[in-house]
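FYI, it's all coordinate maths here, none of it is from the lab. Quick caveat: nothing in here was measured; it's all calculated off a predicted structure. For neighbour counting, all protein chains shown are included, and Cβ atoms are generated from backbone atoms with ideal geometry for every residue, glycine included.
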Amino acid sequence: MRAGEKVREFYEALLAAWGPQGWWPAETPLEVCVGAILTQNTAWRNVERAIENLKAAGALQVPALWALPEQELAELIRPAGYFNVKAGRLRNFLRLVVEEYDGSLEQLFELPTERLREAVLAVRGIGRETADSIVLYAAQRPVFVVDAYTLRLAFRHGIVDLDADYETLQEAFAGSVEKDVAVWQEYHALLVRAGKLHCKKQAPVCAGCPLQKFLEEGEPREPF
DNA sequence: CTCCTGTAAG
DNA sequence: CTTACCGGAG
């Protein structure tokens, strides 16, 4: 089976097995942006705690969040880890929204997709994965999000090399499934679930994985 | 490559 | 105790 063909069938198999994941779990676009920054190299459970704190403080709105002193913000997001770094990153993003787009995420999101991605990516502390998560899930634009789970899974299935860069990985997926926001949102969410439950960092658990039947040699490529 | 950091699971 | 976590910067 060709790589592109596999990528298409992965999606069908994952969706059939697990159904829609309902991503991104957030009530507002701003909450998506905040969550995307807070979840950098961090378990989602800890991000939830930080977001609960922000909500309890009434700080999950642009003006209130921007008004918070950085140290207080850091204290609120402490459970998400790297809190000093992330407080700065959140403020960097908020600064863009407040100073360039009149404090309006909607206004920022009016940019054409490619310009929007570049604008978000230009923020200190927002790299490609975080930028693409914001563009796909908060702005609802067709950009395929890839992450460490995606690389691991794609490598083990022989779709890309282990040293594949972000764009290569992104093209391998985006170029092989229907260009549709809802589909891409769903696919990334399903890949994350597959990575968590089966395509683990050490010792993948292929038994019971919806993608096991696609393994060429009956087992994942090594070494990861 | 190292640093940033809380939390939970092994 | 160590590893991993929906990474990114220097």
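Structure data summary
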{"quantity": "In Hz, Karplus ³J(HN,Hα) per residue of segment A:188-200 (6.51, -1.76, 1.60; θ = phi - 60°; x = Gly, Pro)", "calculated": "4, 4, 5, 5, 5, 4, 4, x, 5, 7, 10, 7, 5"}
{"quantity": "Taking chain A and dividing mean pair separation by its residue count, relative contact order in percent (alpha carbons under 8 Å, at least six apart)", "calculated": "24"}
{"quantity": "Candidates A:TRP66, A:TRP44, A:TRP24, ranked by Gaussian network fluctuation over chain A, Cα under 10 Å, top entry", "calculated": "A:TRP44"}
{"quantity": "Karplus (6.51, -1.76, 1.60) ³J(HN,Hα), θ = phi - 60°, over segment A:208-214, in Hz, Gly and Pro reported as x", "calculated": "x, 7, x, 9, 4, 5, 8"}
{"quantity": "Relative exposure of A:HIS198, A:HIS188, judged by other C-beta atoms within 10 Å (fewest first)", "calculated": "A:HIS198, A:HIS188"}
{"quantity": "Mean Cα-pair separation over length for segment A:29-138, i.e. relative contact order, pairs under 8 Å, 6 or more apart, %", "calculated": "31"}
{"quantity": "Sorted by Cβ density within 10 Å, fewest first, the residues A:LYS55, A:LYS86, A:LYS201", "calculated": "A:LYS201, A:LYS55, A:LYS86"}
{"quantity": "Cα→Cβ-extended label distance, 7 Å offset, between A:GLU106 and A:LYS55, nm", "calculated": "2.2"}
{"quantity": "Percentage relative contact order, segment A:90-162, counting C-alpha pairs under 8 Å, at least six apart", "calculated": "19"}
{"quantity": "Flagged links, alpha-carbon separation over 25 Å, of A:LYS179/A:LYS201; A:LYS6/A:LYS179; A:LYS86/A:LYS179", "calculated": "A:LYS179/A:LYS201; A:LYS86/A:LYS179"}
{"quantity": "Per-residue ³J(HN,Hα) for segment A:54-67, Karplus 6.51 cos²θ - 1.76 cosθ + 1.60, θ = phi - 60°, Hz, x for Gly and Pro", "calculated": "5, 5, 4, 8, x, 9, 9, 9, 3, x, 5, 5, 5, 6"}
{"quantity": "Over chain A: Kirkwood hydrodynamic radius from C-alpha pairwise inverse distances, Å", "calculated": "18.3"}
{"quantity": "Added length on full extension, which subtracts the Cα-Cα distance from 0.36 nm per residue, A:ARG95 to A:GLN140", "calculated": "14.1 nm"}
{"quantity": "Within segment A:24-47, backbone nitrogen closer than 13 Å to the virtual label 7 Å beyond the Cα of A:ASN84 toward Cβ", "calculated": "none"}
{"quantity": "Equivalent ellipsoid dimensions for segment A:29-138 as semi-axes, Å, which come from the Cα gyration tensor, largest first", "calculated": "21, 15, 12"}
{"quantity": "Estimated FRET transfer efficiency when R0 is 22 angstrom, pair A:GLU178-A:ARG2 (beta carbons, to 0.05)", "calculated": "0.85"}
{"quantity": "Estimated FRET transfer efficiency (A:THR28, A:GLU167; beta-carbon r; R0 30 Å; 0.05)", "calculated": "0.50"}
